[in-house]
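The values are calculated or read from the model by the stated rules, or taken from the named source; none is laboratory data. Only a predicted model underlies this, so the values are computations on that prediction, with no experimental measurement involved. For neighbour counting, all protein chains shown are included, and Cβ atoms are generated from backbone atoms with ideal geometry for every residue, glycine included. The area values use the complete protein model at the heavy-atom level, side chains included, leaving out ligands, DNA and RNA. Shrake-Rupley method; radii C 1.70, N 1.55, O 1.52, S 1.80 Å.
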Amino acid sequence: MPRPHVLLSAAVSIDGHLDDASPDRLLLSNAEDFDRVDALRADSDAVLVGGGTLRADNPRLLVNSPQRRAAREAAGRPGYPLKVTLSASGRLDAGLNFWHTGGAKLAYTTDAAAPALRAALAGAPGTEVVGLGGAVPLGAVLDDLGARGVRRLMVEGGGSVHTQFLAEGLADELQLAVAPLLVGQAAAPRFLSPAAYPGGPARRMRLLEARTVGDVVLLRYAPKESSDDHQ
């Protein structure tokens, strides 16, 4: 089965941070941009975040608009996209919002960690745990999701997951919302980490779109394509 189309979605400060270093979540987007992200989720078959993001932010990852959920159901789709997470350690609290909201959930982990995680999540409705061997390779995750009929995958972080998708050349689209904020804290999480990205520092991605969403600037890129491919 074909792998899903992979869309990376993130909101960052002007200096490239996903959040600040405080215990409270820094809201980088505005109401209009949050609604844009809700529409992206509604258009996706699955939404993925890393285990670190689950632990740090405790997100629900829902389609919030009743109209969008109704439209999905009218088209014969579940009201909510499949929620997916990755955790090599398998140390994920069963009380997290992720497991108890929305529809079906899928957790990828190692074969060694899978039994304990299955036992921990036995009370979480609609949850499946999949062991992928001695690690959690993204290629195997995409192959398994494709076999499950997932055609559009939205990846919402965190930074290590975004870094891995881009470094391995597995992202088809990047949507980056740049907020008019400067975090300026060394301990604050960054959008990307150092990595050997395809093409190296001089390679220019193809820009698909740049537009304002309130006081946020949305940048859409095609990470697999270079700008000189279309000149």
From the list Gly169, Gly146, Gly139, which one is open to solvent by 20 Å² or more (accessible area, probe 1.4 Å) and within 28 Å of Gly51 (Cβ to Cβ)? Gly169
Exactly one of these conditions fails for Ala140: (1) in contact with a Gly (Cβ under 8 Å, 6 or more places away or on another chain); (2) more than 16 Å from Pro4 (Cβ to Cβ). Give me its number. (2)
Give me the pairs: first residue in the range 187-206 and touching a residue at least 40 places away in the same chain (Cβ under 8 Å), second residue of a type in the set (S, T, N, Q) and part of a loop (DSSP other than H, G, I, E, B), beta-carbon distance under 9 Å, and six or more apart or on different chains, which are they? Ala188/Ser22
Exactly one of Leu182, Leu192 is in a loop (DSSP other than H, G, I, E, B), touching an Asp or Glu at 6+ places or on another chain (Cβ under 6 Å) and either of a type outside the set (D, E, K, R) or on the phi > 0 side of the Ramachandran plot (or both), and that one is Leu182
Flagged in the range 30-52 as open to solvent by 20 Å² or more (accessible area, probe 1.4 Å) and at pLDDT 95 or above, in numbering order, are Asn30, Ala31, Glu32, Phe34, Asp35, Arg36, Val37, Ala39, Leu40, Arg41, Asp43, Asp45
Identify all residues within the range 179-207 that are open to solvent by 60 Å² or more (accessible area, probe 1.4 Å), among the aliphatic types (A, V, I, L, M) and either under 21 Å from Gly169 (Cβ atoms) or under 18 Å from the mean Cα position of the chain (by Cα) (or both); write none if there are none. Ala196, Ala202, Met205, Leu207
Asn64 under 17 Å from the mean Cα position of the chain (by Cα), at positive phi and surrounded by fewer than 14 Cβ atoms within 10 Å (Cβ to Cβ): no
Has the range 78-86 got at least one residue that is surrounded by fewer than 16 Cβ atoms within 10 Å (Cβ to Cβ) and among the small types (Gly, Ala, Ser)? no
Scanning for something in contact with a His (Cβ under 7 Å, 6 or more places away or on another chain) and in contact (Cβ under 8 Å) with a residue 24 or more places away in the chain, does the range 208-223 turn up at least one residue? no
